[in-house]
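The values are calculated or read from the model by the stated rules, or taken from the named source; none is laboratory data. Since we're looking at a predicted model, the values are computed, not measured. All Cβ positions, glycine included, derive from the backbone under ideal geometry; neighbour counts span all protein chains shown.
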Amino acid sequence: MVLRSPFARFWWGEAVSGMGTAVTTLALQTLIVVTLAGGATEVGWLNTARWLPYLVLGLFVGALVDRVRRRPVMVLSDLARAALLGLIPVAWALDLLSFPMLLAIVLLFGTASVVNDAASLSFVPRLVPREGLQQAHARLDQAGALAQTAGPALAGALIRLMGAPLAVIVDAATYLFSAAMVASLGPASEPPPSSRPQGGARQLFLEIREGTRWAYGESGLRPLAIATHVWFAGQAVLMVLVAPYALLVLDLTPWELGLIFSLAGIGALLGASTSTRVGRRLGTIGAIACCYAVSTVGVVITLTATWVPHGWVAAGALALGQLCHGWAMGTSNSHEMSYRQQATPDALQARTNTTLRSLNRAVVVVVSPVAGLLADRLGYSPVLIAASALFGASAFMVATLVPRVPGPGLRHDADQARQ
């Protein structure tokens, strides 16, 4: 993909910064466990700080970003993220880096990310014609999957070569690159903000409430939404436990852990490639239930790593578990999104998605520190068992649903319900 078209430059910015984010995810966890001598509790608080801005600000940022030009917002938020990440190696070099300082940096980084996400997601329709939106988003999804696949392996190699604090510099540089790509588009790449009445705080609150009522009310999405919240509780446990579990319990190196995380990305690529066939065979609801069940199996396989001799056997068990879970995530997302969007009128699409996304992040914010604390107090195995139970419960909840949303994408489900 050449850099001549505006979308190509935007795509390269997103792809490169996505790769850098994958590096930082592993680098920060390794920094806590190895450099700052932390454990699962500290990783849990790190994840809470990362996602808390989505919970607190997510419902409001999208509406506010719509009132200004999006390109400058993206450039400034990328520069802010680069500067914040650059503070980590500087503080480390000056022997000033502490866990509270790291939490504060990550909290501010998450805030900048909320703003950037709101602007970038709504910027794509201004770069490509409406008939090309599906292909554009597909290319962005491919970039994300590749980052998830190659990023952790690159992170492991950089951590091994440079150390975790210095590896974060790579991510800071990727955000500078992204800012440069978006800035190069020029002000002509988007029209000025709409002149429609924007309304005050009361109007904003009424619109948010309308979206919440739809998402959990007459739309019929509430059962699937609740099951997804339960799934995110299990996911929050895995996000906290996998890195310290691998580094402290299984005695793996950051490089080995990076390779294992890459397998989750490969699984996601395979899942995205097979999602249509799985949906045709099982239906939308059946495909989601199957994916949640596969995540359950993935955690059980992960648990077996503690029951086998350490070394490559334990690493192989963890890798297989991550591969299964990655496949499940890569397969389920498109089915969940299509089910939700077919049930929702166009005027409520953004608010419905934002409401459900914010509540999912709320689950992560609440569960992450609890999972870390329990893992350090009770051990990793009981908490991983709890994660498998949460995934299993979500699979059961989805499997018992009767599809209530008509539409061509759910025709197979409707046929099954009639039989």
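Given the condition touching a Pro at 6+ places or on another chain (Cβ under 7 Å), in the same structural domain as A179 (by TED's automatic domain parsing) and in a helix (DSSP H, G or I), answer yes or no: does some residue in region 49-69 qualify? Write out each step before concluding.
Taking region 49-69 as the starting set, the residues that turn out to be touching a Pro at 6+ places or on another chain (Cβ under 7 Å) are 67-69.
Retained after the next criterion (residues that are in the same structural domain as A179 (by TED's automatic domain parsing)): 67-69.
Still in the list and also in a helix (DSSP H, G or I): none.
No, every residue in region 49-69 fails to be touching a Pro at 6+ places or on another chain (Cβ under 7 Å), in the same structural domain as A179 (by TED's automatic domain parsing) and in a helix (DSSP H, G or I).
What number of residues within region 246-291 satisfy the criterion of being under 29 Å from G311 (Cβ atoms) and either assigned by TED's automatic domain parsing to the domain that holds A40 or not polar (S, T, N, Q) (or both)?
Total meeting the criteria: 24.
What about N353, is it modelled with pLDDT of 75 or more, assigned by TED's automatic domain parsing to the domain that holds G279 and within 17 Å of the chain's Cα centre (by Cα)?
Values: modelled with pLDDT of 75 or more: no; assigned by TED's automatic domain parsing to the domain that holds G279: yes; within 17 Å of the chain's Cα centre (by Cα): yes.
So N353 fails the test.
Whether any residue in region 101-115 is within 24 Å of V364 (Cα to Cα), over 23 Å from the mean Cα position of the chain (by Cα), modelled with pLDDT of 90 or more and not acidic (D, E) is what I want to check.
yes
Consider region 23-70. How many of its residues are under 21 Å from G379 (Cβ atoms) and of a type in the set (D, E, K, R)?
1
Within region 17-31, identify whether any single residue is touching a residue at least 12 places away in the same chain (Cβ under 8 Å) and either assigned by TED's automatic domain parsing to the domain that holds L257 or over 17 Å from the mean Cα position of the chain (by Cα) (or both), and answer yes or no.
Going residue by residue through region 17-31, those that are touching a residue at least 12 places away in the same chain (Cβ under 8 Å) are 17-31.
Next cut, either assigned by TED's automatic domain parsing to the domain that holds L257 or over 17 Å from the mean Cα position of the chain (by Cα) (or both) only: 30-31.
Scanning region 17-31 turns up at least one residue that is touching a residue at least 12 places away in the same chain (Cβ under 8 Å) and either assigned by TED's automatic domain parsing to the domain that holds L257 or over 17 Å from the mean Cα position of the chain (by Cα) (or both).
For L3, all conditions in the list (1) modelled with pLDDT of 80 or more; (2) surrounded by fewer than 19 Cβ atoms within 10 Å (Cβ to Cβ) hold save one; what is the number of the exception?
(1)
Tell me, please, whether a residue that is within 19 Å of the chain's Cα centre (by Cα), crowded, with 24+ Cβ neighbours inside 10 Å and within 30 Å of S381 (Cα to Cα) can be found in region 246-255.
Within region 246-255, none of the residues are within 19 Å of the chain's Cα centre (by Cα), crowded, with 24+ Cβ neighbours inside 10 Å and within 30 Å of S381 (Cα to Cα).
Assuming G316 fulfils every condition listed in (1) touching a helix residue (DSSP H, G or I) at 6+ places or on another chain (Cβ under 6 Å); (2) of a type outside the set (V, I, T); (3) modelled with pLDDT of 80 or more apart from one, which condition is it?
(1)
So, in region 169-211, of the ones that are crowded, with 19+ Cβ neighbours inside 10 Å and touching a Pro at 6+ places or on another chain (Cβ under 6 Å), which residue ends up modelled with the lowest pLDDT?
L185
One line per residue, one yes/no per condition, for (1) touching a helix residue (DSSP H, G or I) at 6+ places or on another chain (Cβ under 9 Å); (2) under 30 Å from R222 (Cβ atoms); (3) at pLDDT below 85:
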residue: V249; (1), (2), (3): yes, no, yes
residue: P254; (1), (2), (3): yes, no, yes
residue: G267; (1), (2), (3): yes, yes, no
residue: G271; (1), (2), (3): yes, yes, yes
residue: R277; (1), (2), (3): no, yes, yes
residue: R281; (1), (2), (3): yes, yes, no
residue: A287; (1), (2), (3): yes, yes, no
residue: V294; (1), (2), (3): yes, yes, no
residue: V297; (1), (2), (3): yes, yes, no
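Taking the conditions exactly as written (at pLDDT below 80 and not assigned by TED's automatic domain parsing to the domain that holds L263), does L46 satisfy them or not? Lay out the reasoning, then the answer.
On the way: at pLDDT below 80: no; not assigned by TED's automatic domain parsing to the domain that holds L263: yes.
Spelling it out, it is not the case that L46 is at pLDDT below 80 and not assigned by TED's automatic domain parsing to the domain that holds L263.
Out of the residues in region 63-103 meeting the condition of being over 30 Å from L204 (Cα atoms) and β-branched (V, I, T), tell me which one is surrounded by the most Cβ atoms within 10 Å (Cβ to Cβ).
My answer is I88.
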